[in-house]
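One structure is given here, and the rest of the page talks about it.
The values are calculated or read from the model by the stated rules, or taken from the named source; none is laboratory data. Values in this document were obtained by computation on a predicted structure and should not be read as measured data. Heads up, the Cβs are rebuilt from the backbone with ideal geometry, glycines too, and the neighbour counts pull from every protein chain shown.
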Amino acid sequence: MLLKPFDFGIIIPAFGLVLASFFFVYSGAADQSIIHLKAESGEWLFPQDAVETITVQGPLGDTVIAIQGGAARVLSSPCANQTCVAAGAIHSHGQWTACLPNKVMVYIDGTAALGDSGRRGAGDESGVDATVW
């Protein structure tokens, strides 16, 4: 099969289009992961590189969460068995930890946009309200 000049006129631009789309898709900056902290009193969003210690009020008392070094962990909680504290730190997209008796959940997601204040109130219905695994 012989290629004719018109064939090159189609093949070369098509190859250039594929190459340009590759760079368009893969050269963008990676989305920064967001640490979600949810409780009955509200929802807080932090960039994963934040350095924070947050105290969240739950039905049983205060749960203390630390965000440092790209990871989040429950430092203390008033629950009886302390499973949330023993679970350790989460650091990757999709990981989560929770203090179920105190109704506090922490998870890492790379799809949320951090708003101006970094916090949404309990009555705000503007964000994602569930995660599908």
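In the range 41-56, of all residues being in contact (Cβ under 8 Å) with a residue 24 or more places away in the chain and not charged (D, E, K, R), the one that is surrounded by the most Cβ atoms within 10 Å (Cβ to Cβ) corresponds to Val56.
Of the numbered criteria (1) surrounded by 11 or more Cβ atoms within 10 Å (Cβ to Cβ); (2) within 22 Å of the chain's Cα centre (by Cα), the one Pro59 fails is (2).
Those residues that are modelled with pLDDT of 85 or more and in contact with a His (Cβ under 9 Å, 6 or more places away or on another chain), I need them from the range 16-50; list them, please. Of everything in the range 16-50, those that are modelled with pLDDT of 85 or more and in contact with a His (Cβ under 9 Å, 6 or more places away or on another chain) turn out to be Glu43, Trp44, Leu45, Phe46, Gln48.
Applying a threshold of 9 Å to beta carbon distances and a minimum spacing of six or more residues, or different chains, the list of pairs starting in the range 22-33 at a residue that is among the aliphatic types (A, V, I, L, M) and ending at one that is assigned to a loop (DSSP other than H, G, I, E, B) and modelled with pLDDT of 60 or more reads Ala30/Gly110.
Yes/no per residue for (1) at pLDDT 90 or above; (2) within 22 Å of Gln32 (Cβ to Cβ); (3) assigned to a loop (DSSP other than H, G, I, E, B):
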position: Thr55; (1), (2), (3): yes, no, no
position: Pro59; (1), (2), (3): yes, no, yes
position: Arg73; (1), (2), (3): yes, yes, no
position: Pro78; (1), (2), (3): yes, no, yes
position: Gly88; (1), (2), (3): yes, no, yes
position: Gly94; (1), (2), (3): no, yes, yes
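Condition first: assigned to a strand (DSSP E or B), surrounded by 14 or more Cβ atoms within 10 Å (Cβ to Cβ) and in contact with a helix residue (DSSP H, G or I) (Cβ under 9 Å, 6 or more places away or on another chain). Can you find one or more residues in the range 24-40 that meet it? No, the range 24-40 has no match at all.
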